[in-house]
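The values are calculated or read from the model by the stated rules, or taken from the named source; none is laboratory data. None of the values given here were measured: they were computed from a predicted structure. Cβ atoms come from the backbone with ideal geometry, glycine included; neighbour counts cover every protein chain shown.
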Amino acid sequence: MKKILLIMTLAAMAGGCTGKRGSAPDAETKRVLTRSVAADSATVRLTEEFTSEIEPYRENDITPAATGVHIDRIWVEVGDAVRQGQLVVSLDPTQYTQQLVQLQTIESDYNRLLPVYEAGGISAQQIEQARAQLDVQREVVANLKKNIEVHSPITGVVTARNYESGDLFAQQPILHIMQIDPLKVMVNISEQFYPQVKEGMEVGLHVEIYPEEEFTGRVSLIYPALDAATRTFRVEVTVPNAAGRLRPGMYARTTFDMGRKAGVMVPDVAVQKQVGSAERYLYVIVGDTLAERRSVEVGRQVGDRVDILRGVEPGEEVAVTALSKLYDGAPVEIKHD
């Protein structure tokens, strides 16, 4: 029995010795080969992008002051450029002439009744009614005279024509004119940027049909009140358009430069997202031998680098390869180029 126990003890000791000899190679093979890059101090440009639509700088409906007048001639077509003050519509003078004749008749009647009233032949109420009728007719004639020739109040382009020569004007505008040089973009901006946005500041503008080109505008108006529901304020950006390449209704992205700040930049490939959460993390190399998992707060992307707001200091080495093999405390071997 003692001999059996002795044999078993010796076997166990032999097995233990064999395990210790194999442990060093196993630990060595678990070392993860990775590359690392030092986090850089950098000045980060704070830009914010907002989307909107391009709008005409001004627009105007061409309508006479009175309804029921005939259109004698429309001098412009859709797409025509017009100048401020240019004649665009002539109205039929027939109604004006008829109303002028009627005015003369009412005026004659009033002038005939006035001495009769002064002599006591008619009441004050009768002469007041005659005077009121005369005033109304004078106003009708004045409106018709003013609108026999209709001029454009703005410089722009005709974008709609709703009548033909000879038509009777009802309620729909005869023409619609838009000023498209300059244009404007109305942007809703988060309240946190209210101190940074100033009148006159330069704004970049991109449209989808010119993907490689940037247009430039300037802030021309900042609305003084915020929208309580969205916590945003409205900003008007004026965009020159002498070449006419931009058009109202185009989808636009506006870029505002909100200043500069000191940042810590690392390659974007170093930052990973925790599955099932919004957490971002990376691995910092400690002493060239261990990987330390760090939760980080990420700022804006600049090219292929990202600004780390919290979690990494300048000069610290972060892993950029073999990330799927790393874990907190993983032994590493740094590969040098």
Does residue 298 qualify as being in contact with a Lys or Arg (Cβ under 9 Å, 6 or more places away or on another chain), assigned by TED's automatic domain parsing to the domain that holds residue 39, at pLDDT 95 or above and in a strand (DSSP E or B)?
no
Name the strands (runs of 3 or more DSSP E) wholly inside region 29-114 in which the number of residues that are among the charged types (D, E, K, R) is 2 or more.
40-62, 71-74
Taking into account only those residues within region 296-337 that are of a type in the set (Ser, Thr, Tyr) and in contact (Cβ under 8 Å) with a residue 12 or more places away in the chain, which is nearest to residue 261 (Cα to Cα)?
321
Might you let me know whether region 226-247 holds any residue that is on the phi > 0 side of the Ramachandran plot and free of Cβ contacts under 8 Å to residues at least 60 places away in the same chain?
yes
Give me a count of the residues in region 108-127 that are of a type outside the set (Lys, Arg) and loosely packed, with under 14 Cβ neighbours inside 10 Å.
13
What pairs come up if the first residue lies in region 43-67 and is farther than 24 Å from residue 204 by Cβ, the second is surrounded by fewer than 18 Cβ atoms within 10 Å (Cβ to Cβ) and basic (Lys, Arg), and their beta carbons are under 9 Å apart, counting only those six or more places apart or on different chains?
64/146; 65/146
Taking residue 164, is it out of contact with any Gly (no Cβ under 6 Å at 6 or more places or on another chain), of a type in the set (Asp, Glu), closer than 24 Å to residue 248 by Cα and not in a helix (DSSP H, G or I)?
no
The residue from 269, 275 that alone is of a type outside the set (D, E, K, R), at negative phi and surrounded by 13 or more Cβ atoms within 10 Å (Cβ to Cβ) is 269
Return the pair list, or none, for Cβ contacts closer than 7 Å from residues in region 114-134 that are farther than 18 Å from residue 103 by Cβ to residues that are surrounded by fewer than 14 Cβ atoms within 10 Å (Cβ to Cβ) and of a type in the set (Gly, Ala, Ser), at least 6 apart or on different chains.
none
Of the candidates 196, 179, the one satisfying the condition of being buried (at least 16 other Cβ atoms within 10 Å of the Cβ), more than 16 Å from the chain's Cα centre (by Cα) and touching a residue at least 40 places away in the same chain (Cβ under 8 Å) is 179
Residue 172 vs. criteria out of contact with any helix residue (DSSP H, G or I) (no Cβ under 8 Å at 6 or more places or on another chain), part of a loop (DSSP other than H, G, I, E, B) and surrounded by 13 or more Cβ atoms within 10 Å (Cβ to Cβ)
no
